[in-house]
Amino acid sequence: MKLKSYIYAVPLLLAATGLGSCDSIFRDAPINSLPENVIWGDPQLLDEYVLPWYRNMDDGFYTFVTTIMAGLGSEYEPWYSDQLTVGKSDWYSGDYGNILKSSQKDIITRARTEWFKFYTQLNSINTLLENQESLVPYMKDRVLGEAHFFRAWYYYKMLRLYGGTMIIPRTYDPLVDPVRFPRASYEEMVKFICDEAELASTLLPYENGSSDVGRPTKGVCYMLKAKTYFWVAGEHFQNQEKDYLGFPDDRSMDMLDLAAAEYDRVIATGVYGLVNISGTNKEDVVAEYRNIFLTKNSRESIWEVQHVDDGDFSYANGHKLDRDASAPSFGGTVAAYNPTQNHVDEYRMENGKKISDPTSGYDKNNPYEGRDWRFYANILYDGSEWRGHTMDIHYETVDGKEVAGEDLTKYDSSTTSAVTRTGYYMAKFLNEKQAIDNDQTKASSQNCILWRYAELLLDYAEIDFKKGRTGDALDKVNQIRRRVKMPELTSIAWDDIFNERRVELAFEKTVYWDLLRWDIAEKYMTGTTNPLYGVKIVYKADGSKNITNPVVNGRNTVVRYFRSRQYYYPLDWDDIRYHGLEQNPEWIEM
């Protein structure tokens, strides 16, 4: 059975030494205290044992949008960049809004939740590794490869969130074990992550068979190493006073070289590449480009979250992306994905020129004409077509009053429903054929792609540019532009790489992390230095129209703040005291 349909379908309670299920296979032992030798020697139990490593690796689209009651995980990155905001006003009073306002209390709560999640999974992995001689022989290499990969994966996640953390390479119970673990330096974290990923690569195949779709492969391991080196090459992590916050000197060029070598290994597998777009006109290119994000485990996808095919999130790993993104005309009540005008302005003209270029042909009175074709794939704007409906996201002046269009009018006159705050709805990732009905347990099924080949090319283009290989950087960017039938650039500057990354990877999780590693998060994620804008289009009685760009940071005031302390989240205060660790800068226990 394929991992993508099996991995989340078995309800279980799993701890380091036991797991439970209602299946008859557990009848000979208490469901919460199975002997470890039973688990390691049984193929089904062993597969169930590793499931939480996958389930906790990333929430994918499942919690892509917050709710007031749900608590906040680590998978909300798109909302803290400047490309998206939310439509529902009361979310600004919940976890999402409080973190957007840089609330210490809420960020500490989030950080503590993630801290325990990561170390819980790491303890589970360590338990298996200490029992590797008892593993089912024909599964041994695969399961050990998964174990070493996920040990690297979780430390990579912690490195980005916390900086250097405690490296705990064995099972550990502080109630019976008096050992104290120090904070690791960046150097130690990088070595541990990459050593684990390399070991995993020696045990895993280049490609999985049909029964193992969704499991890590050699290429995924190489990609994890590359992303680790690429991350720590960021400007923010050089010349740091504390070695757990970065390098004491500037190691960026060395790390870029190491990242490039790993990207070369990914490319050399021959497994991955850009999905070809055969269409040549705008409509066909838009449709084929959108389909890249609806196709599970395509050639372009390197690593992705496997969401269940039937979209059932009542017990499995489904999600409701289409439902949450839907406009009122389709029964949407949440308006969770509102592209900003800031992002819309990043799409250049069809001729490749910036809209600010007076020779570009941009017409501010007809702002959606002649744009990069990815704009039409990613954004639903006033007058665009979606599911046979012309999006009505403007106002009309009637008897001197502004009357909102259908997609600016709350569904069924509900007082709790929401509409877009920005004048745009998201189209990227969404399935036009997805039914939106009253069955709240059925929703969407598309996988959430975490790494894809286009991102690899853009990472590599950035490396080439910073290493002075501008010709190579230009070639990689143009590979992506050629795919969507946009004119190739004839020369390249940093702004071109920055812009291509923001457009091609729009709304993907990497956009948030780019701002941190480039050391520009405080500027881009703070309302005073980078207000979020929307669009308001009003058709007047005389047939003319007025287009303005109001600020949409929050309700009536600026609510977006990113302070310097947020480059790293706080470590858990209990572990700070118990292990005698230094806390990350500027965090106060609350």
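The values are calculated or read from the model by the stated rules, or taken from the named source; none is laboratory data. Everything numeric here is computed off the predicted structure, so don't read it as measured data. In this analysis, Cβ positions are derived from the backbone assuming ideal geometry, glycine residues included, and neighbour counts consider all displayed protein chains. What goes into the accessible areas is simple: the full protein's heavy atoms, side chains included, and nothing from ligands, DNA or RNA. Shrake-Rupley method; radii C 1.70, N 1.55, O 1.52, S 1.80 Å.
Structure data summary
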| quantity | calculated |
| --- | --- |
| Meets criteria (more than 24 Å from Leu159 (Cβ to Cβ), open to solvent by less than 10 Å² (accessible area, probe 1.4 Å), under 22 Å from the mean Cα position of the chain (by Cα) and modelled with pLDDT of 95 or more) for Ile292 | yes |
| Among residues of the range 112-147, those that are farther than 19 Å from Cys221 by Cβ, crowded, with 20+ Cβ neighbours inside 10 Å and among the aliphatic types (A, V, I, L, M), counted | 1 |
| In the range 348-365, residue farthest from Ile497 (Cα to Cα) [restricted to those that are free of Cβ contacts under 8 Å to residues at least 12 places away in the same chain and either outside any loop (DSSP other than H, G, I, E, B) or polar (S, T, N, Q) (or both)] | Thr359 |
| Among (1) more than 22 Å from Ala325 (Cα to Cα); (2) modelled with pLDDT under 90; (3) open to solvent by 60 Å² or more (accessible area, probe 1.4 Å); (4) out of contact with any helix residue (DSSP H, G or I) (no Cβ under 7 Å at 6 or more places or on another chain) - the single one Tyr62 does not satisfy | (1) |
| Long-range neighbours under 9 Å by Cβ, at least six apart or interchain, first residue more than 15 Å from Val220 (Cβ to Cβ) and open to solvent by less than 60 Å² (accessible area, probe 1.4 Å) within the range 245-273, second part of a helix (DSSP H, G or I) and among the polar types (S, T, N, Q) | Met255/Thr228; Ala259/Thr228 |
| Residues of the range 543-575 that turn out to be of a type in the set (A, V, I, L, M), modelled with pLDDT of 95 or more and open to solvent by less than 20 Å² (accessible area, probe 1.4 Å), as a count | 1 |
| Every residue from the range 232-244 that is in contact with a Phe, Trp or Tyr (Cβ under 9 Å, 6 or more places away or on another chain) and open to solvent by 10 Å² or more (accessible area, probe 1.4 Å) | Glu235, His236, Gln238, Asn239, Gln240, Asp243, Tyr244 |
| So Met486, is it of a type in the set (A, V, I, L, M), touching a residue at least 24 places away in the same chain (Cβ under 8 Å), within 18 Å of Arg374 (Cα to Cα) and crowded, with 23+ Cβ neighbours inside 10 Å | no |
| So Asn530, is it open to solvent by 10 Å² or more (accessible area, probe 1.4 Å), at pLDDT below 95, within 30 Å of Arg290 (Cβ to Cβ) and of a type in the set (S, T, N, Q) | yes |
| Matching residues, the range 398-450, being small (Gly, Ala, Ser) and farther than 25 Å from Asn317 by Cα | Gly400, Ala404, Gly405, Ser413, Ser414, Ser417, Ala418, Gly423 |
| Filtered residue count, the range 172-208, keeping only those that are in a loop (DSSP other than H, G, I, E, B), open to solvent by less than 40 Å² (accessible area, probe 1.4 Å) and either modelled with pLDDT under 95 or charged (D, E, K, R) (or both) | 2 |
| Unmet requirement for Ile302, which otherwise passes all of (1) touching a strand residue (DSSP E or B) at 6+ places or on another chain (Cβ under 6 Å); (2) within 18 Å of Ser444 (Cα to Cα) | (2) |
| Of the criteria (1) among the aromatic types (Phe, Trp, Tyr); (2) at pLDDT 50 or above; (3) in contact with a strand residue (DSSP E or B) (Cβ under 8 Å, 6 or more places away or on another chain), which one Trp40 fails | (3) |
| The range 576-590, subset among the charged types (D, E, K, R) and over 18 Å from Lys105 (Cβ atoms), residue surrounded by the most Cβ atoms within 10 Å (Cβ to Cβ) | Glu582 |
| Check on Thr120, within 30 Å of Trp40 (Cβ to Cβ), at pLDDT 95 or above and touching a strand residue (DSSP E or B) at 6+ places or on another chain (Cβ under 9 Å) | no |
| Hits in the range 512-522 (condition: in a helix (DSSP H, G or I) and farther than 17 Å from Glu346 by Cα) | Trp513, Leu516, Arg517, Ala521, Glu522 |
| Test result for His389, open to solvent by less than 70 Å² (accessible area, probe 1.4 Å), touching a helix residue (DSSP H, G or I) at 6+ places or on another chain (Cβ under 7 Å) and more than 21 Å from Phe507 (Cβ to Cβ) | yes |
| Residues within the range 395-433 that are in contact with a strand residue (DSSP E or B) (Cβ under 6 Å, 6 or more places away or on another chain) and open to solvent by 30 Å² or more (accessible area, probe 1.4 Å), tallied | 6 |
| Residues that are out of contact with any helix residue (DSSP H, G or I) (no Cβ under 7 Å at 6 or more places or on another chain), open to solvent by 20 Å² or more (accessible area, probe 1.4 Å) and either assigned to a loop (DSSP other than H, G, I, E, B) or free of Cβ contacts under 8 Å to residues at least 40 places away in the same chain (or both), drawn from the range 299-344 | Arg299, Asp310, Phe313, Ser314, Tyr315, Lys320 |
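Rundown of residues vs (1) open to solvent by less than 10 Å² (accessible area, probe 1.4 Å); (2) of a type in the set (A, V, I, L, M, F, W, C); (3) free of Cβ contacts under 8 Å to residues at least 24 places away in the same chain, yes/no style:
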residue	(1), (2), (3)
Ala435	no, yes, yes
Asp439	no, no, yes
Ser444	yes, no, no
Ile449	no, yes, no
Ala454	yes, yes, no
Tyr460	no, no, no
Ile463	yes, yes, no
Gly471	no, no, yes
Leu474	no, yes, yes
